[in-house]
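The values are calculated or read from the model by the stated rules, or taken from the named source; none is laboratory data. Every value quoted in this text rests on a predicted model; they were computed, and no experiment measured them. Ideal geometry is used to build each Cβ from the backbone, glycine not excepted, and the neighbour counts take in all protein chains shown. Just so you know, the surface numbers come from the protein's heavy atoms only, side chains and all, with ligands and any DNA or RNA stripped out. Shrake-Rupley method; radii C 1.70, N 1.55, O 1.52, S 1.80 Å.
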Amino acid sequence: MVSEPLLSIRNLRVQLSTDRGLVHAVDLSHLTVGRGETCGLVGETGCGKTMTGLSILGLLPTSAPGTVEGEIWFRGRDLLKRGPAEMRRIRGREISMIFQDPVSSLNPAFTVGEQLARVIRWHRRVGSRAARQAALDMCSLVRLPDPEQVLRRYPHQLSGGMCQRIGIAIALALRPHLLIADEPTTSLDVTIQAQILRLIADLQDRLGTAVLLISHDLGVVAQVCDRVAVMYAGDVVEQGATARVLARPLHPYTQGLLASLPSRGASGRPLPAIPGTVPSLIHPPPGCRFHPRCSLAAPRCSRERPRPRAVGPEQEVACHARGPHEGGDRPDASG
Amino acid sequence: MHGGRTKEGTGLMQAGDATFGAGGSGHRPADFAGAGPAGAAAPLAPLFLSVRGVKKHFPVRAGILGRATAWVRAVDGVSFDIGGRGTTFGLVGESGCGKTTLTRVVLRLLPPTAGRVLLEGRDIFGLAGEGLRRLRRDMQLVPQDPYGSLNPRLPVGDIVSEPLWTHAPELRGKALQRRVAELLEVVGLSSAHLRRFPHELSGGQRQRVAIARALALNPRLVILDEPTSALDVSVQAQVINLLRDLQSRFSLTYWFVSHNLPLVEYLSDTVAVMYLGRLVEVGARGDVFPSPAHPYTRALISASPSPDPTRRQEMAVLEGQVPSATAPPPGCRFHTRCPGAESRCRQESPELRELEPGHWVACHLVAARGGGGPRAAAGSGGTRADAPGGPQAVAGGGGANQKGG
């Protein structure tokens, strides 16, 4: 947050037309990712976190034609104003992505070695032998045992954890500045999840890559992210340093999410659940999108959309009920 | 061995007894004696559910004759007890460890390869005809995926009445409607939902429908297979609260299968940890979670990320992956990933031993520490009043009837 951020999204609006109507998938006032930092984008299903990630790469689904407005600044350029040819050069080389399901995000008809080598050949314009050597180097970087053997396998012959290591190898092969990791460990078991998260953190230290980690798991975000942005119904409601946002949340939604997780020693008591369900993004509620479920909702909340405001040096919250005096240094502000 | 199914129970009982004998009889308090495997025949207070030496091996077929060339030992000798009604038994493990297979065997949805299960004294693998129908009413399942488990062509009212049509045909007309409306109300839905179809409901509402359907026949045991893993966090809490309310209202016994450790800790009275077809640790929640004894349990707990950013953990103590269940490693099945494995672990399979009353661990290293070992400070957690019975568990499938597949 000190110098110019690596990625800065402003007023991003993504609307998709589906057969059920126009979906207001993302309506995000701003989000930044600094150089080399890990930023968590956390929220529930359908809150727009994946759509935000795909908009950065210009990869929105063609099955639902839609409009994308706003600005996505990345290393001095607005990505939304770049043509398809330039975006193709940026994808993979400057920004790359790993996906939730590591097995199905690889092509089942080719060996993982061919898929890894192809990325390197295409972008670096090197011969097949050099690409193969680079592929082997990447395998040892992501700590795949016995790389020669693994590269000859097809995705279905490898475990989920190994496929995700291949996915990470492909994503980092060109040393991008930004890695977008969309639920990279959601389909993995906890012990494998821990391995993959540690691998991403290690590689980030070594290569200086910034990571935008998209996740629904507050635990994963709390453990690995420097900063976190909490999304609800298409917008970021709270963002800032992880140590502040998740330890002293100010937005009622962040507070509710954290409170609803079962914690040690809480066995006898009912979980404080957030009432209601996530709203439809075809007809999002007016004003603050969280107001129908919010215990602090006032008449103003249903009329006026709250703008994000800085509360303290490393925290920002979009809520009418939270003034600039909150946060600060008062540890009891999370109430 | 794979042919004869239910008759091998006696052999397993011996295996169980042998384990008890070897497993430090000095640690076992007197009041546990009646509830051991021998007690299944003449119990003082009948156990709610008793699982003995259950195995399920699946054939791997190859060639045009479809001969079995290998066996996947999905569940390979599991024994434990659920003592009291109205408690929650949590079964934890990673994918492929056999927890779903074990659950399906106990539900009699899969025929067992070996072993015996008693539900309130009834040998469930020996039941047929009316007895089996009766059993089906007593054990109901809430499946994992509320999107795939409800018939998309039936309205909610029919989905909930379906078990009643089969098992309570005398309930008809107004009485049936009243019962269905009552069930919907119990799970927090209303009769406005009667005519809705599953696709019109949210994930949380669908899971409520699945719960209403499971409760329709007043079951004694409700099996919850990852009941909230398809739900968002804010909705998960609502469903978990509902399950707790229903449990105390109808004194339901839950068999809760999950890989979400904080949730298991929150809901369960007793916890069993499964790895590659075997139980590695069984005990009361208050014993297992604060001070896990088995290295695998410790690794699972440490790898489960805490949402508190001020408590950053040293994660990933485990290297490598779960070995194949077709050719499980010799000796302790966990030794290939265990940070402290010794030569003995590679040769000799550890049996469950009682570390303290009601807390059982299958690990050579823990047993070698003797006595209370690392857990001396934990006190008498194993005999807590809210964990009645606890699992007086024993490892089945020792040497007695283990044959190569």
What number comes out for accessible area per residue over the protein assembly as shown if the probe is 1.4 Å? Units Å², please.
41
Expected vector for the stretch B:327-341, Karplus 3J(HN,Hα) from phi with 6.51, -1.76, 1.60 and θ = phi - 60°, integer Hz, x for Gly and Pro, equals 10, x, x, x, x, 5, 5, 8, 4, 5, 10, 7, x, x, 4
With every protein chain left in place, what is the accessible area of A:Thr277 in Å² (1.4 Å probe, nearest 10)?
70
Taking every residue in A:183-192, how many Cβ atoms of other protein chains lie within 10 Å of its Cβ, on average?
5
Buried solvent-accessible surface, both chains (A, B), 1.4 Å probe, Å² to nearest 100:
3500
Going by average Cβ neighbours within 10 Å, how do the peptides B:339-348, A:119-128 rank, with the highest at the top?
A:119-128, B:339-348
Under a plain spin-label model, where a point goes 7 Å from the Cα along Cα-to-Cβ, how far apart in nm are B:Ser95 and A:Glu148?
3.1
Positive minus negative residues near A:Ile72 (Lys, Arg vs Asp, Glu; Cβ under 14 Å)
+2
Which of the peptides A:165-171, B:302-308 is most tightly packed, and how do the rest follow, going by the mean number of other Cβ atoms within 10 Å of each residue?
A:165-171, B:302-308
Compute the Cα gyration tensor for the stretch B:90-195, then decide on rounded, prolate or oblate, letting a ≥ b ≥ c be the square roots of its eigenvalues: rounded whenever a/c is under 1.5, prolate when a/b is larger than b/c in the other cases, and oblate in all that remain.
oblate
Looking at the protein assembly as shown, send over the antiparallel percent of its DSSP beta bridges, to the nearest 5.
65
Note down the relative contact order for the stretch A:23-180 as a percent, whole number, built from C-alpha pairs under 8 angstrom at least six residues apart.
26
Counting only other chains, and only Cβ atoms inside 10 Å, what mean value do you get across the residues of B:295-307?
5
Based on the alpha-carbon gyration tensor of the stretch A:232-322 and its eigenvalue square roots a ≥ b ≥ c, which shape applies: rounded if a/c is under 1.5, prolate if not and a/b is larger than b/c, or oblate?
oblate
Burial ranking of peptide ranges B:288-298, A:198-208 (average Cβ count within 10 Å, highest at the top)
B:288-298, A:198-208
Of the accessible area of the stretch B:199-328, computed with a 1.4 Å probe and all protein chains kept, carbon and sulfur make up a percent value of 47
Here the relative contact order (percent) of the stretch A:102-175, from C-alpha pairs under 8 Å and at least 6 apart, is 46
Given only helices, namely DSSP H runs of n ≥ 4 each adding -39500 (n - 2.57), what is the per-residue ellipticity at 222 nm of the protein assembly as shown, to the nearest 500 deg cm²/dmol?
-9000 deg cm²/dmol
Is there a simple number for the mean count of other chain Cβ atoms within 10 Å of the Cβ of residues in A:275-287, and what is it?
2
Give me the count of lysine pairs in the protein assembly as shown whose alpha carbons sit under 20 angstrom apart, restricted to pairs 8 or more positions apart or on different chains.
7
